[in-house]
Amino acid sequence: MKTSFTAVILFLTFPLVTSFLLPPPVTLHQPLSLTAKTPRVKPLPPTAPAPTLTSIPPMKIALLVEPTPFNYVCGYSNRYNEMLRYIKKAGDDVSILTTDDKPDPPKEAFGYPISTTLGFRFPLYNHVCVTFDLPELKGLRLMEKFRPDIIHITSPGFLLFAALIYARVMRVPLIMAYHTHLPNYAKKYLGYIPGIEDFAWFLVRFAHSRADLTLTTSPQMKKELEEHGIKRIDVWRKGIDTVRFDPKFKSAETRKMMTDGHPDDFTLVYVGRLGAEKRVMDIKPILEKLGPKTRLCIVGDGPQAAELRKHFEGTNTVFTGQITGDDLSSAFASADAFVMPSDSETLGFVVLESMASGVPVVAAEAGGIPDIIDHERTSYLAEPGNTDKFVEYLKKIRDDKAGAEQMKLECRKEVEKFSWEAATSVLRNVQYPMAMQNFKSRSFGGYGGPRTAFLGRVWRIKFAWLAKKVKRLITLGFFRDLWYASANESVKPKELGQ
């Protein structure tokens, strides 16, 4: 554990130390999409209709995403793929930077090029690949060549430290999308370290106080970030693919597989990442209290998969591993109820996907989930870890057939309100301009806004030499030069003799 902790501290503190050492490029960029005469942009109320998708002219977006949404199955991945689908429809130009250590990573998505930079597996959660964009600095080269109007970066992660540098030295508006609640993860995985939750909040504040706009995935998460001193926050609207997740995918064959050949039993499903923060172990006492005629199917993979298989030994539980496409749609639609014990969800896309499939949910009343569920109408909310409440609501779904059928209809009706096109329209026509507007009025203590090119020149003169040396050291350039010098000396007498 000490080794892992040391690695984490090094990963976290290195970018803080180096974030002010990189020089700005020779030509500094000014955002082009807004002018001094542009009317002030205000946040849209949650229930306000979205503007038309092409309300503002096309723009250039640098999208920095970590982990990759193109080889990673989760709600976060769905959000970015749907975003790109409708950004393409709006006519915007996008350049994507991510990290992916799998063989033959995708080179494009929706016609947009994907650049892949070197990354590493995070020691405490090795199912995802992350990066500092070192030593390649592909992001900096991308910015210099692409000249984006805005940088969109995912958070939390390590790539965001590079994005902070690029946004600062290139003077480009920066929008951060907060997808994983870092303090909760820190508490789950490093809870033995005193003050780890406070340190996680420090890191979140450090990064997001430097963003021109932070996007959260629910009003509850927005409120929590604001309570911890983070400003300039708006909610990225939710969306759901109601074609991919639909009651029509219900399948007798899939249900038989999910129940180990007992399709008439009351069937629960959990779909998601198998990690300690998801509290999947909490389902075992729920399953036992519901009796022997209840079955559980766990769909997904993650760092806790082996431990969970052992934990559920001797129970009526089937593990499918990670599945996608029609098989996943069928797993959702073929269950009687979805169980969501996690209290760390910033939104909870799987809850939306279950509701779209016409399957009621019993979920922990925490994070962004209460923003999705209308308690006792569209599904049920229970106190996190309260086994008896989970059992009570699941029994209602099991025993009240008429009530369950009505709830299934309400589930589907509720999620049909959430369109990815509307969510993306608000993002590009309201939230991107808000970030640009904030950029014009503030930026890193005055540096980065209009008429600050002089400060950029000062930075370049002062730090160019130091940054060059740091980069050479990181890339082992110093040792490479020594090797070349040694090799040349050994070759020289031979050349003289020829």
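The values are calculated or read from the model by the stated rules, or taken from the named source; none is laboratory data. The model shown is predicted, which means the values in this text are computed figures rather than measured ones. Every residue, glycine as well, gets a Cβ built from its backbone with ideal geometry; the counts of neighbours run over all protein chains shown.
For Gly348, the requirement of being modelled with pLDDT under 95 and assigned by TED's automatic domain parsing to the domain that holds Asp400 is met. One residue stands out among those in segment 355-383 that are touching a Phe, Trp or Tyr at 6+ places or on another chain (Cβ under 6 Å) and aliphatic (A, V, I, L, M): the one that is surrounded by the most Cβ atoms within 10 Å (Cβ to Cβ), which is Val359. Scanning segment 58-73 for residues being modelled with pLDDT of 95 or more, buried (at least 21 other Cβ atoms within 10 Å of the Cβ) and either basic (Lys, Arg) or within 17 Å of Thr154 (Cα to Cα) (or both) gives a total of 5. Taking each residue of segment 159-172 that is in contact (Cβ under 8 Å) with a residue 40 or more places away in the chain and looking for partners that are aromatic (Phe, Trp, Tyr) and outside any helix (DSSP H, G or I) with beta-carbon atoms closer than 8 Å, six or more apart or interchain, yields Leu159/Phe132; Phe161/Phe132; Ala162/Phe132; Arg168/Phe444; Arg168/Tyr447.
Given segment 193-283, what helices (runs of 4 or more DSSP H) lie entirely inside it while holding 3 or more residues that are in the same structural domain as Gly367 (by TED's automatic domain parsing) and either small (Gly, Ala, Ser) or crowded, with 20+ Cβ neighbours inside 10 Å (or both)?
On the way: elements: 196-208, 219-227, 252-258.
Result: 252-258.
Only one of the listed residues (Ala364, Ala402, Ala382, Ala333) is farther than 24 Å from Glu253 by Cα, of a type in the set (A, V, I, L, M) and in contact with a Ser or Thr (Cβ under 8 Å, 6 or more places away or on another chain). That residue is Ala364.
Listed here are the residues, each with its yes/no results for (1) over 17 Å from Phe122 (Cα atoms); (2) out of contact with any Lys or Arg (no Cβ under 7 Å at 6 or more places or on another chain).
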| position | (1), (2) |
| --- | --- |
| Leu174 | yes, yes |
| His181 | no, yes |
| Tyr185 | no, yes |
| Tyr192 | yes, yes |
| Glu197 | yes, no |
| Val204 | yes, yes |
| Thr214 | yes, no |
| Ser218 | yes, yes |
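None of Tyr80, Tyr76 is part of a helix (DSSP H, G or I), at pLDDT 90 or above and closer than 30 Å to Val299 by Cα except Tyr80. Taking the criterion of being in contact with a Ser or Thr (Cβ under 9 Å, 6 or more places away or on another chain) and not in a helix (DSSP H, G or I), the residues of segment 175-192 that qualify are Ile175, Met176, Ala177, Tyr178, His179, Thr180, His181.
Can you give me the number of residues within segment 224-268 that are closer than 30 Å to Thr424 by Cα and touching a residue at least 60 places away in the same chain (Cβ under 8 Å)? So the answer is 17.
Taken together, Glu307, Glu345 contain a single residue that is among the acidic types (Asp, Glu) and crowded, with 23+ Cβ neighbours inside 10 Å, which is Glu345.
Would you please name the residue that is nearest to Met281 (Cα to Cα), looking only at residues in segment 377-423 that are assigned to a helix (DSSP H, G or I) and among the basic types (Lys, Arg)? Talk me through it step by step, then tell me what you get.
So in segment 377-423, the residues assigned to a helix (DSSP H, G or I) come out as 387-399, 401-415, 420-423.
Now narrow it down to the ones that are among the basic types (Lys, Arg): 389, 395-396, 398, 401, 408, 412-413.
Values: Lys389: 16, Lys395: 20, Lys396: 22, Arg398: 22, Lys401: 28, Lys408: 26, Arg412: 28, Lys413: 31 Å.
By that ranking, first place goes to Lys389.
Would a scan of segment 95-107 turn up a residue that is surrounded by fewer than 23 Cβ atoms within 10 Å (Cβ to Cβ) and under 24 Å from Tyr432 (Cβ atoms)? So far as segment 95-107 goes, yes, one or more of its residues are surrounded by fewer than 23 Cβ atoms within 10 Å (Cβ to Cβ) and under 24 Å from Tyr432 (Cβ atoms).
Name the one entry in Pro292, Pro303 that is of a type outside the set (Val, Ile, Thr) and farther than 22 Å from Gly261 by Cα. Quick ask: steps written out before the conclusion?
Working: Pro292 fails: farther than 22 Å from Gly261 by Cα.
Exactly one residue qualifies, and that residue is Pro303.
Would you check which residues across segment 143-156 are closer than 21 Å to Pro113 by Cβ and outside any helix (DSSP H, G or I) and list them? Spell out how you get there, then give the answer.
If we filter segment 143-156 for residues that are closer than 21 Å to Pro113 by Cβ, which is where we start, we get 143-154.
Those that are closer than 21 Å to Pro113 by Cβ and outside any helix (DSSP H, G or I): Arg147, Pro148, Asp149, Ile150, Ile151, His152, Ile153, Thr154.
Within the bounds of segment 379-391, is there any residue that is touching a Leu at 6+ places or on another chain (Cβ under 6 Å) and polar (S, T, N, Q)? Among the residues of segment 379-391, not one is touching a Leu at 6+ places or on another chain (Cβ under 6 Å) and polar (S, T, N, Q), which makes the answer no. Can you say whether Lys389 is among the charged types (D, E, K, R), in contact with a strand residue (DSSP E or B) (Cβ under 9 Å, 6 or more places away or on another chain) and crowded, with 17+ Cβ neighbours inside 10 Å, as far as the supplied structure shows? Criteria met by Lys389.
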